[in-house]
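Read the structure below first, then the notes.
The values are calculated or read from the model by the stated rules, or taken from the named source; none is laboratory data. Since the model is a prediction, treat every value here as computed from it, not as a measurement. Here the Cβ is made from the backbone with ideal geometry for all residues, glycine too, and neighbour counts use every protein chain on show. Areas reflect the complete protein model, heavy atoms only, side chains present, ligands, DNA and RNA absent. Shrake-Rupley method; radii C 1.70, N 1.55, O 1.52, S 1.80 Å.
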Amino acid sequence: MTSAIIGLIGAALGALTAVIGSALSERRQARHEAATWRRDQRAAAYDGVFHALTRAASYRHKIPAGRAPDQALLQQWFDDLVEAQYQLRLLTAHCHRPGGGTRLPVAVERMNTALALLGEGDLAKAADAADEAAELIARCARIDMGNEPTPPTPRPLPAGEPRQEPGSGP
């Protein structure tokens, strides 16, 4: 009788181990799938914003020097900047990682500036603002993809203590 009880306990422990192992494996698989989904969403958003910004950047070279640009050209340029802004907002929704997301609000502000300047007719400054946004987004993409280390976060200083710039010691 004792060997039967020991066998039953061993079978129960084996079954419990199998159930726990299966649950852990399923949890690990779910995490992996969620991480893959987030990575794919970020990649699609980066792709969309770069595609729209590349199209928008090409308009600078289509404007003849010293002449007023065609209204259709300006409308296409504006539409591409709006598409880039939309894709950038999608990107900010999917990019919560330190380093990757820190520059995105600045890029959004640059895109807003580019659209405002384009609406005011200051084409050169609008193109420059869009280029700045593209550079910030490219840096975020490199950080997100692991091709560039995440920059260190500056630590806060006590109140009243001036911040020293690197290399500017006494």
(request) Report Ser3's accessible area, 1.4 Å probe, all protein chains in place, as a number in Å² to the nearest 10. (result) 90 Å²
(message) I need the trypsin sites (Lys or Arg not before Pro) found in the range 1-94, filtered to DSSP loop residues with at most 16 other beta carbons within 10 Å of theirs.
(response) Arg67
(message) Rounded to the nearest 10 Å², what accessible area does Glu120 have for a 1.4 Å probe in the complete protein model?
(response) 140 Å²
(message) Per residue, how large is the accessible surface of the range 3-120? Use a 1.4 angstrom probe and give square angstrom.
(response) 65 Å²
(request) Could you please put Val19, Val49, Val108 in sequence from largest to smallest accessible area, using a 1.4 Å probe? (result) Val19, Val108, Val49
